[in-house]
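Worksheet: one structure, shown below.
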Amino acid sequence: MIKLTLFIGGVITAISIVSIMILSGIITWDDLLSDKAAFNVFIWFATLVALADGLKKVGILDFIGKNSQSMLADLSLTSLIIALILLFYVLHYFFASTTAHVTALVPLFMVIASTFIPADQLLTFTILLAGSLGVMGIITPYGTGPSPIWYGAGYISQGKWWALGAIFGLIYLIPIIIGVFIFM
């Protein structure tokens, strides 16, 4: 007996269901337009989840892994750790959620770190790296699950969100960088 497995991604499924609902008259196009906050979230996540998956498929993560190792090889231990934490932080701009970020990047960064950081200091590095995740929800309007909902509510403009995200992101990273000097 041949078993046939069909895989349809979540984004395609969601768009298909919404299209069927419109075409069958369950909802109207005006219904969609009147609930712009919900569909704003839908569009943000659909786009950004696809982007994160695309980054992996085209080899960007492998590229980062291979090139960052060669670029970081000549740094002192302190500079290396700071560079890894800052790179980990900046790369969050390409991910629609902290979960996607962690799933894609933590294994990569741990492999790079284990190449350069002594084994007895890896736990401390891991804690400092994980500490940077606390800021991810505020740096972009799509950084965590609730972020697009807050943004979609219209209380804060996109430009202001990005500006405040950069300011508070830097403020939040300062203690982590100080932690590198204290604990490493």
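Brief remarks follow.
- Projected label distance in nm at I149 and S34, using a 7 Å step from Cα toward the beta-carbon: 2.2 nm
- For segment 106-184, the Kirkwood estimate of the hydrodynamic radius, built from every pair of different alpha carbons, is 14.2 Å.
- Principal axes of segment 90-130: Cα extent on each, largest first, Å: 33, 16, 16
- The chain, Cα convex hull volume normalised per residue, Å³: 155 Å³
- Taken along the Cα-to-beta-carbon direction at a fixed 7 Å, the label points for L77 and D62 span 3.3 nm.
- With a Förster radius of 25 Å applied to the C-beta separation of L86 and S157, the computed FRET efficiency comes to 0.40.
- Unit charges at the beta carbon, dipole of the chain: most positive-side option, I177, I60, M110: I60
- Within the listed set Y89, Y155, Y172, the residue fluctuating most in the Gaussian network model of the chain (springs between alpha-carbon atoms under 10 angstrom) is Y155.
- Only the Cβ atoms of Lys and Arg (+1) and of Asp and Glu (-1) were treated as charged; on that basis the dipole of the chain about its Cα centre amounts to roughly 140 debye.
- Here is how the number arises for the chain: DSSP H runs of 4 or more residues each give -39500 (n - 2.57), the sum is divided by the residue count, and the result at 222 nm is -23000 deg cm²/dmol.
No value in this document is a laboratory result; all are computed from the given coordinates. Because the structure is a prediction, the values reported are computed rather than measured. Glycine also receives a Cβ, built like all others from the backbone with ideal geometry; neighbour counts cover every protein chain displayed.
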